[in-house]
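Asker: Quick one: this structure, given as structure tokens, is what I'll be asking you about.
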Amino acid sequence: MNPGRSLWIYVPSSIRSLSMANSFYKIFLLIFFCFWASIDAGTDTLMQGDMLNSSVPLVSRNGKFTLSFFRSPQRSGNGWYLGVSSGDNIESQSIWVANREMPIRDDSVVLLIDETGSLLIKHNSRDSIKLFSGQSRTNLAAVLLDDGNFVLKETNSDGTANSEPLLWQSFDLPTNSFWPGMKLGINDKTGQNWSLRSWLSYSLPIPGAFSLEWYPLEEELIVKRRGVDFWTSGRLLCSSFENIEVFTPTANYFFRQYSDGDGKYLNHTATPCYEVDGNSVTSLWLMSDGSLVDTLTHKYLFVSSLCDGNTTDFGCKKWEDLSCRDGQKLERRTISNNDPQIIRVSDNRTDLSLSDCKDMCWKNCTCVGVQEKGPNPDGTGCTFLSGPLKEMKNGERDLNIPNVDEAFYIIIPAPSEKQSIWKWILISVAAAAALVVIFFLGFFLFIRWRRLCLEGNTLNRMHEIFLSAWELWREGAVLELVHPTLRDSCFEDPVLRCINVALLCVEHNPVDRPSMSAVICMLGSDVVKLTKPKQPAFSTERIPVDQDNSKEIKAENCTINNLTISVLDPR
């Protein structure tokens, strides 16, 4: 027997009037329906002429996917949807929804293939929702496959499968999830667009603010908010994206772009690394309010809240460029306080998600924050804040909300001009202190070298100095060269860098010594990596220098941007 098929059993009234017969009748029906339901619960196929109602699902043969009607628990009117869920948890968020823009208001919903071969969702509230127009086809079956694809196909007269192409498939109508076997892209001939669209909220399948689209020329994925670029994955290189970490301990992803002559598309495969209850685990991406989540590892591949308005890190795009938002950002805060000056303004439209509220607040220069949960029972709508916010010690704004902890996304202002001035003053003081330390260190070394020179045997004395400094360097005790009066107050890193450069300048072979421009480069930037100095060797001989090789090798090692210097500098 097939799922949802209506069953009527006629029992004569004369039998029903007898108490014993009536009890037998009830027991018979109970046993029969239990047996019937156990068969229906395991089927993956809906045959033409059968019906699937709100109480009986289809389950793929491998048990990984379930097709059923579900109800949005928080939506006024109790909207019903037809969707595919991962696993046997029907209450979990569906990964494909057939009628996300047309929720049904009562539980009279049924899915069927009618006598013309059309795949329909019928109910009492309004006209039928047609998923596929059959055009007088017969011997059709709708099957939930092991990869989660719900397909409509022709069968042989005895109900067995044939090799004819699929008539319709859910993979051609993606909603908010992307998993192996699906594709993203645009058919250049028909204009059909395979892209993802987020839910309005966690409990509402209605299309939300975010979409995920594949751009074949740029070879990158782009998340858009209401049609405006919000985030980019970066270019597809070696089956991975710059701004997505696609390797996990439990699954390996492989992405590729391919063409069928009508367009270029992106698809991917995932190789699970472990099994649960003897079955390999299916991994897929779920788009939740702009974020991308790997349902296998529950790991965020991209978090939409990282894009706070002005940042361009992690692939984020800046929001609308407004002078009042220069340098500001939107951050989540949980605050509890009192301040009667804070004004709340609500917008109760049910088509507004949190991301819409953030965007609206950003574009309104008087808005200082937006509540995370909307004013409607299902979480939709916006609550905006305006009014003065007090400054905290760290220069960030604080919300003063009466009595309870509430989550808000608030506008964090750019550092004030006063804060910026102090920042640069501190940087300048630190730089000046480092220069003073280097100056005194150099002066001390010069005085020490001068005294040894006056004592005679100048070359020998210099070599004992250099060798001693190198020995201290090798032993990690080079700071002993610093005068005791300066040692406790000096900055260690610039001192070590200065001594390292000094030892490089007295290398035995002139080719190994840096040029003056390279010395400036090494002392002026922490980016340049310094080589380890060799042991100083005392010699009075002159070693010929290949000037061309010398200047190029040392310049390559010491320039920040890896450019060579073609001018010969004195050493």
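Asker: Please tell me which of these pairs span more than 20 angstrom C-alpha to C-alpha: K130/K153; K317/K373; K329/K358; K224/K318; K224/K317?
Answerer: Cα-Cα > 20 Å for K317/K373; rest within.
Asker: Per-residue HN-Hα couplings for the range 368-380, Karplus 6.51 cos²θ - 1.76 cosθ + 1.60 at θ = phi - 60°, whole Hz, x for Gly and Pro?
Answerer: Residue by residue, the range 368-380 yields 10, x, 9, 6, 5, 9, x, x, 7, x, 8, x, 7 Hz.
Asker: With the crude spin-label approximation of a point 7 Å out along Cα→Cβ, what separation in nm comes out for T190 versus L322?
Answerer: Taking the two extended label points, one gets 4.2 nm.
Asker: What does a probe at N162 reach in the range 108-123, counting residues whose amide N is under 17 Å from the point 7 Å along Cα→Cβ?
Answerer: Only 116-118 fall inside the zone, counting backbone N under 17 Å.
Asker: Might you work out the accessible area of V345 for me, using a 1.4 Å probe with all protein chains in place, and round it to the nearest 10 Å²?
Answerer: So the heavy atoms of V345 present about 80 Å² to solvent.
Asker: How far is the Cα center of the range 498-513 from the Cα center of the range 193-268, in Å?
Answerer: 53
Asker: Measure off 7 Å from each Cα along the Cα-to-Cβ vector at I520 and N364, then give the distance between these two points in nanometres to one decimal.
Answerer: Here the modelled spin labels are 5.5 nm apart.
Asker: Sorted by accessible area (1.4 Å probe), largest first, how do E507, E101 line up?
Answerer: Per-residue accessible area, sorted high to low, gives E101, E507.
The values are calculated or read from the model by the stated rules, or taken from the named source; none is laboratory data. It should be emphasised that the depicted structure is a prediction, and the values quoted were computed from it without experimental measurement. For neighbour counting, all protein chains shown are included, and Cβ atoms are generated from backbone atoms with ideal geometry for every residue, glycine included. Only protein heavy atoms, including side chains, enter the accessible area calculation; ligands, DNA and RNA are left aside. Shrake-Rupley method; radii C 1.70, N 1.55, O 1.52, S 1.80 Å.
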